[in-house]
Structures are given as structure tokens and as C-alpha cells.
Amino acid sequence: MPELVKQPGDDHKKSTWREQTVTMLPGDITTVYFDDTKPNHSAITNNTSQIVYVHERPSVSPNNYLLAVAPGSTKLLARPLGYHTIYLDAAIVQPEKVRVESWIEKFTASSIPQSIDTVQLGQMTGTVDISALPPLAAGDKHIGSVEIDNPVTLGGSSIPATQPVPTREAGMNDFRVGGVSVGVTPVMAKSGSSKLTNRRELTIYPPNSGVIYWGKQGVETTTGAPLTSNDSPLTFKVHSQSPDVYLVADTETVVTIVEVS
């Protein structure tokens with residue numbers, strides 16, 4: 001955890017600070033309760049031997065999560081509104097420990113990159129398992145076949161297959177959080193009356209209940225991709241040439257949008 005610098009409101013933060021060590025059991029979804037506070041920030045330190053997946057809903061799994069915390073690391077779950085519980089899942093084979101530090105603090109732009117796992121716009125999801133490539137045609141630069149059996153080694157440091165490759169993203173200039181009313185008429189996914197200038201990232205939070213659909217302009221509930229109340233927030237990396245994302249639903253609902261520039 002980085003060193004905390006005293007800021008206005010730190011007294012309130014100190015009064016809501018809680019620490020608890022949670023024991024995760026094999027095959028179980030672990031529920032973390034916040035009995036006397038409703039924090040909107042939680043630092044999850046993974047002391048287990050496996051990746052810990054975190055969600056605000058009990059449907060957490062390796063395919064449905066808000067955060068994926070690698071073994072031995074700490075990640076921050078920050079939200080504009082507080083929560084009473086969070087849920088943890090990990091493929092452990094024996095009881096192991098996770099430390100959770102929670103507090104109430106103003107939601108800021110610096111919290112967003114740590115609190116949302118992102119995908120590129122147009123990126124396909126899934127797993128590709130390469131065991132061997134077919135031989136290439138013979139020639140001066142004949143390669144033959146390539147087999148990949150062991151963990152990848154970068155600069156002499158082996159990265160286990162069970163851990164994500166660490167990455168660092170550039171800082172942000174601005175961000176905006178807002179709600180958009182989604183109904184039978186397609187509406188553009190934006191946090192205000194117009195798109196945030198020079199936005200680089202767009203996050204669509206799932207509805208509190210039911211399902212919405214997303215796609216290009218003119219999307220319908222029969223043609224759009226679904227985003228249900230049980231899903232994780234959907235984040236796109238965007239640029240000036242990216243197509244606008246539109247939302248539609250059978251029943252009118254309000255959806256939270258976060259834009260980052």
C-alpha cells in the first residue's frame with residue numbers, strides 16, 4: 001500500500017477505518033461483511049496462493065468479477081456509493097487468509113484505474129491454448145515447428161501461468177460520472193449531455209435489475225449484446241475514431257456511465 005498523505009476529511013476516514021482478516025475455504029464463495037460501516041473503499045491483500053476474484057455480488061467467479069488480485073498483491077475496490085458486503089472466490093485447496101482494510105472516502109479519479117478491469121474495444125474474450133504450430137514450408141529461413149510447454153520467461157523472470165502479466169497504464173487528465181436513462185429508444189452511452197472531450201475510456205455499469213443491450217447506433221434488444229444486473233462493469237478503450245456505443249432496454253432504467261480522458 002502506498003503511504004497515505006493526510007488530506008481534508010482524514011479524521012472521518014480514520015473513524016471509519018476497519019481491518020479484518022478473512023479465512024477463505026476451498027470450494028466456497030467467501031462473504032466479507034461490514035457490520036458497522038458502509039465503506040466505499042476496500043484494499044484487498046491476497047495472502048493466498050491463488051488469484052482472488054472480487055465482486056459486490058455473490059455470483060463472483062473467474063468469469064465474473066470486478067477485481068482479480070494476484071497472490072501477494074493488494075488491489076483497491078473503490079465505488080461512488082458504499083457497500084455492506086463483498087464476495088471473494090479463489091481456486092484454493094486448503095483454508096487461506098485474505099486481509100481486507102475498508103474505509104469511507106470521497107471517490108476520486110485516481111481510484112478508477114485500480115477498481116475496474118478493462119478490455120479493449122473489439123477485443124474478443126476467451127482462452128487460446130497453443131501446444132504446437134504446424135511446420136512451415138522449407139526455405140532459407142525455415143523455422144520448422146514451435147512448441148510452447150513452459151511458463152514464459154521475460155528478462156530472466158519467470159511468470160507463472162496462473163498469474164497475469166503486470167502492466168502499467170498512463171495517468172488520466174479528467175473523468176466524469178453520470179447516469180443515463182435507457183429505454184426502448186437507443187441512447188448514446190455518455191455521462192453528460194455530450195461525450196467527455198478527448199475521452200480514452202468508457203465504462204458502462206450494469207443495471208440494478210434486469211438487462212440492457214449495447215451496440216452501434218440503431219441497436220435493438222434483438223440485435224444488441226446483453227449486460228445483466230449480474231455482470232461486471234463493461235469498460236472500453238476508445239479514441240476519436242471509435243464508434244459510439246448505444247444502449248437500449250425493454251424497460252426503462254438508469255445506468256451509471258464513467259468516462260475518462
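The values are calculated or read from the model by the stated rules, or taken from the named source; none is laboratory data. A quick note: this is a predicted structure, and the numbers were derived from the prediction, not measured. Reconstructed Cβ throughout: ideal geometry from the backbone, glycine too, with neighbour counts over all protein chains shown. Protein only, heavy atoms only, side chains kept; ligands, DNA and RNA dropped before computing areas. Shrake-Rupley method; radii C 1.70, N 1.55, O 1.52, S 1.80 Å.
Taking label positions 7 Å along the Cα-Cβ direction at both Thr185 and Thr37, the computed distance is 4.5 nm, reported to one decimal. What separates the Cα centres of the range 202-261 and the range 50-73 is a distance of 22 Å. Pairs exceeding a 24 Å alpha-carbon distance, out of Lys38/Lys106; Lys75/Lys195; Lys75/Lys97: Lys75/Lys195. Taking K and R as +1 and D and E as -1, what net charge do the other residues with C-beta under 11 Å from the C-beta of Lys190 add up to? Result for the neighbourhood of Lys190: +1. Heads up, I need the accessible area for Glu220: 1.4 angstrom probe, whole protein in place, Å², nearest 10. The accessible area comes out at roughly 100 Å².
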